[in-house]
1. From the list Glu104, Glu76, exactly one residue is more than 16 Å from the chain's Cα centre (by Cα), more than 16 Å from ligand 1 (Cβ to nearest atom) and within 18 Å of Asn228 (Cβ to Cβ). Which is it?
2. Take the residues in region 107-126 that are closer than 25 Å to Asp169 by Cα, buried (at least 22 other Cβ atoms within 10 Å of the Cβ) and touching a residue at least 40 places away in the same chain (Cβ under 8 Å), then tell me which one is farthest from ligand 1 (Cβ to nearest atom).
3. Does Ala283 satisfy the criteria of being farther than 18 Å from Gln186 by Cα and away from ligand 2 (no atom under 16 Å from the Cβ)?
4. Being in contact with a helix residue (DSSP H, G or I) (Cβ under 9 Å, 6 or more places away or on another chain), at negative phi and without any contact (Cβ under 8 Å) to a residue 24 or more places away in the chain narrows it down to one of Gln65, Gln142, so name that one.
5. Taking the stated definitions as given, is Asp301 within 16 Å of ligand 1 (Cβ to nearest atom), of a type in the set (Asp, Glu) and either on the phi > 0 side of the Ramachandran plot or surrounded by fewer than 20 Cβ atoms within 10 Å (Cβ to Cβ) (or both)?
6. Identify the single condition in (1) crowded, with 22+ Cβ neighbours inside 10 Å; (2) more than 15 Å from ligand 2 (Cβ to nearest atom) that Gly288 does not satisfy, given that it satisfies every other one.
7. Any residue that is in contact with a Leu (Cβ under 7 Å, 6 or more places away or on another chain) and of a type in the set (Ser, Thr, Tyr) - is there at least one of those in region 104-115?
8. Condition first: more than 16 Å from ligand 2 (Cβ to nearest atom), part of a loop (DSSP other than H, G, I, E, B) and buried (at least 17 other Cβ atoms within 10 Å of the Cβ). Now tell me which residues in region 228-241 satisfy that.
Amino acid sequence: MILVLNKKATKQDVDQLIKRLEFMGFTAVPYQDSIAILKGVDKHTNIESFTTLPYVDKVIATQQQFMLAGKEFKTERTVIKIKDKVIGGQDLTVIAGPCSIESEENIFTIAESVAKTGATILRGGAFKPRSSPYDFQGLGEQGLVFLGNAAQKYNLLSISEVMDISQIDLIAKHIDILQIGTRNMQNFSLLKAVGKSDKPVLLKRGFSATYKDFLLAAEYILNAGNSNVILCERGIRTFETYTRNTLDIAAVPVLHQLSHLPVFVDPSHGTGIRELVVPMAKAAVAAGADGIMVEIHPKPDEALSDAKQTIDIQTFTKLVSSLHKIKAIN
Ligand code: PEP
Ligand code: MN
């Protein structure tokens, strides 16, 4: 249940109200302009009685388990502002970069090409969740420094994956957005920890996660105090083996129906096949995605990881221009 508060309520008023609710037997936390009651409400609770509490303007008796991520709580879409950029607003956000940060020269070349297209976020893994321990594991901190510097030089935001709680502070020091990968979508300790960070989090859908699992994972981050969460559909495992994953485009309208959070799509991991990245990126934007994430490289065949799903700069440049046209007619 959510108590929407009067704008006049000060922090002190909110703290007092939370204490009062706790005395009444509820677990309550402040959330944006509201107080979320996380535990203690059941069918015997008299919802009406909350309206008489000081500073409470409205009571939302949400039935959704993903209370904070859900639309019942917040009908207007979440817009995330980072530096001079906006995510989840009217504009389409494009995240692009190599699967892994490979070298200083490589990431600076890619950053320049990304900026030229008008895309706003540079990606690159420094700590890589590789299926095999014998594959390239990423450059670690050195990679983060290269990525952060390249993004800064070309006025881009940066994003990189956090695989472990111990990496959060280091990544947050160099990078603007924390990425939680598909394999960690239900790593609840990690979700709680990034929920305490002041950096926005892009949460990728677990490859076996239902929409409910996905939104409950987002709920962990929101509930820990971080309201800047971006959902990213990146394909799920199905009986189909031709593609690396089955990209679930329906996730876009479904998640928009259920949640106020921005929804992105990653057609690179979603298909695993270079030739499918462009059509699926277009489909994602046509379905209403707020942004896409793609893997690009000046020489895709030479990429140190995920070469088969990586597109070249020319293809990417053309794609960005098509995506803006599709967004405009949506
Ligand atoms: C990535 O984006 O670098 C990545 C590993 O993606 P996923 O977690 O979706 O596999
Ligand atoms: Mn990759």
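Every number in this text was worked out from the coordinates using simple rules, so none of it is lab data. Please read all numbers here as calculations on a predicted model, not as lab measurements. Cβ coordinates were reconstructed from backbone atoms using ideal geometry, including for glycine residues, and neighbour counts include every protein chain displayed.
1. Working: Glu104 fails: within 18 Å of Asn228 (Cβ to Cβ).
Result: Glu76 is the single residue among Glu104, Glu76 that is more than 16 Å from the chain's Cα centre (by Cα), more than 16 Å from ligand 1 (Cβ to nearest atom) and within 18 Å of Asn228 (Cβ to Cβ).
2. Of the residues in region 107-126, the ones closer than 25 Å to Asp169 by Cα are 107-108, 111, 120-126.
Next cut, buried (at least 22 other Cβ atoms within 10 Å of the Cβ) only: 107, 111, 120-126.
Narrowing the set further to residues that are touching a residue at least 40 places away in the same chain (Cβ under 8 Å) leaves 107, 111, 121, 123, 125-126.
Numbers: Ile107: 14, Ala111: 17, Ile121: 12, Arg123: 7, Gly125: 5, Ala126: 10 Å.
Filtering region 107-126 for residues that are closer than 25 Å to Asp169 by Cα, buried (at least 22 other Cβ atoms within 10 Å of the Cβ) and touching a residue at least 40 places away in the same chain (Cβ under 8 Å), the one farthest from ligand 1 (Cβ to nearest atom) comes out as Ala111.
3. Working: farther than 18 Å from Gln186 by Cα: yes; away from ligand 2 (no atom under 16 Å from the Cβ): yes.
It is true that Ala283 is farther than 18 Å from Gln186 by Cα and away from ligand 2 (no atom under 16 Å from the Cβ).
4. On the way: Gln65 fails: without any contact (Cβ under 8 Å) to a residue 24 or more places away in the chain.
The conditions single out Gln142.
5. Details: within 16 Å of ligand 1 (Cβ to nearest atom): no; of a type in the set (Asp, Glu): yes; either on the phi > 0 side of the Ramachandran plot or surrounded by fewer than 20 Cβ atoms within 10 Å (Cβ to Cβ) (or both): yes.
Answer is no for this residue.
6. Result: Gly288 fails condition (1) only.
7. Taking region 104-115 as the starting set, the residues that turn out to be in contact with a Leu (Cβ under 7 Å, 6 or more places away or on another chain) are 107, 111, 114-115.
Narrowing further to those that are of a type in the set (Ser, Thr, Tyr): none.
No, the conditions are met nowhere in region 104-115.
8. Across region 228-241, the qualifying residue is only Asn228.
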